[in-house]
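For reference, the structure discussed in these notes is given below.
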Amino acid sequence: MERTALYEGKAKIIYEGPDADTLVQYFKDDATAFNAQKKDVISGKGLLNNLISEHIMGALAKAGITTHFIRRLNAREQLIRRLDIVPVEVVVRNVAAGSICPRLGLTEGADLPSTLVEFCLKDDALGDPIIAKEHILTFGWASAAEFDRIVAETHRINKLLQDLFATIDIRLIDFKLEFGRASDGSVILADEISPDNCRLWQVGSDEKMDKDRFRRDLGGLTEAYAEIARRLGIDLPEDISSGSAEHTT
Ligand code: TMP
C-alpha cells in the first residue's frame with residue numbers, strides 16, 4: 001500500500017499512521033553532519049538506531065517519562081504518537097564537546113561547571129541557530145509553562161540516561177532532545193535517542209561510540225553502534241552483529 005510521507009528529515013521519514021493519533025517513524029541509513037554539508041549512507045545504521053531508540057524510550061517510560069514511542073513495528077519502523085512538534089532542539093551538555101568548543105573557546109573533554117541546557121531553532125534552512133529562552137517565549141514556539149516543563153523533563157532525562165549509560169561503561173557527554181504537544185495539550189518527549197544524537201564515550205579511554213565516528217571520518221560507526229546495542233542487551237540480527245553490514249556509498 002502506498003503510504004503518505006508527511007515529513008522527511010535527514011535521518012528519518014514520518015508517515016501517516018493507522019489512525020489519526022499515530023504516525024510511523026522510519027529510520028533511514030542516511031548519515032549527515034554539519035547541517036547536511038557532509039552526507040553518506042551507512043548500511044545498518046537505521047536498523048541499529050531503531051532498536052537502540054526503542055530500548056532507551058522504553059527504559060525512560062519505565063522510569064516515568066512520557067514519550068511518543070508506542071511500539072516497534074519492524075526492523076526500521078516504529079509506531080509513535082502524533083504530536084505537534086515544538087520547533088526547538090534541546091541540547092544537554094555534561095562535558096564540553098562539539099560545537100560549544102570553538103564557540104566558547106573550550107577544550108574537548110573539559111568538565112562544565114554544571115549541566116548546560118542549550119536551545120536551537122529547528123530550522124535546517126537557517127542552520128538550526130542557537131537561541132535563548134527569550135526567543136522561544138517571544139516568538140511563541142512554546143509557552144512559559146511548556147518551556148518550564150521541557151527544561152524540568154530534560155534534567156530528569158539527563159539523570160536517567162547518565163545512569164543507564166554508566167551501567168554499560170559509557171559516559172554521556174551530550175545529547176539532543178525534541179518535544180511535542182499531544183492531543184491533550186501535554187508536552188512529551190519525541191524524536192529518537194540513539195548514538196546519532198548523543199555523544200557517548202567509553203569510560204577510561206574516551207573512545208567515541210557515536211556519530212562523531214562519521215563526522216570525523218573515524219570509521220567503524222556501525223561497529224560502535226552495535227557495541228552500544230549489545231551492551232544494552234539488545235538482540236541484533238546476525239549480519240549486523242558480525243559488523244559485515246557497514247559500507248558507504
Ligand atoms: P553539537 O556539538 O554539534 O552542537 O551537538 C550537540 C549534541 O546534539 C550532540 O550529541 C549531537 C546532537 N545534535 C543532534 O542530534 N542534531 C543536530 O542537528 C545537532 C546540531 C546536534
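Derivation of every value follows stated rules applied to the coordinates shown; laboratory data play no part. All of these numbers come straight from a predicted model, not from anything done at the bench. Cβ placement follows ideal geometry from the backbone for every residue including glycine, while neighbour counts extend to all protein chains displayed.
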| field | Check on residue 76, touching a helix residue (DSSP H, G or I) at 6+ places or on another chain (Cβ under 8 Å), within 12 Å of the ligand (Cβ to nearest atom) and touching a residue at least 24 places away in the same chain (Cβ under 8 Å) | value | no
| request: Given the conditions (1) surrounded by 15 or more Cβ atoms within 10 Å (Cβ to Cβ); (2) more than 16 Å from the ligand (Cβ to nearest atom), report the number of the one that residue 33 does not fulfil. | output: (2)
| Where in region 138-249 are the helices (runs of 4 or more DSSP H), entirely inside, with at least 3 residues that are out of contact with any strand residue (DSSP E or B) (no Cβ under 7 Å at 6 or more places or on another chain) and within 22 Å of residue 33 (Cα to Cα)? | 221-231
| Within the set of pairs 6 or more residues apart or between chains, which connect a residue that is touching a residue at least 24 places away in the same chain (Cβ under 8 Å) inside region 110-131 to a residue that is surrounded by 15 or more Cβ atoms within 10 Å (Cβ to Cβ) and in a loop (DSSP other than H, G, I, E, B) with Cβ atoms less than 6 Å apart? | 120/128; 122/87
| Complete set of residues in region 38-82 that are more than 16 Å from residue 149 (Cα to Cα), touching a Ser or Thr at 6+ places or on another chain (Cβ under 9 Å) and assigned to a loop (DSSP other than H, G, I, E, B) | 43, 44, 82
| query | Applying the selection to region 62-83, what residues are among the hydrophobic types (A, V, I, L, M, F, W, C) and either under 16 Å from the mean Cα position of the chain (by Cα) or over 22 Å from residue 183 (Cβ atoms) (or both)? | reply | 63, 65, 69, 75, 80
| query | Out of (1) away from the ligand (no atom under 16 Å from the Cβ); (2) aromatic (Phe, Trp, Tyr); (3) over 19 Å from residue 13 (Cβ atoms); (4) without any contact (Cβ under 8 Å) to a residue 40 or more places away in the chain, what's the single condition that is false for residue 69? | reply | (3)
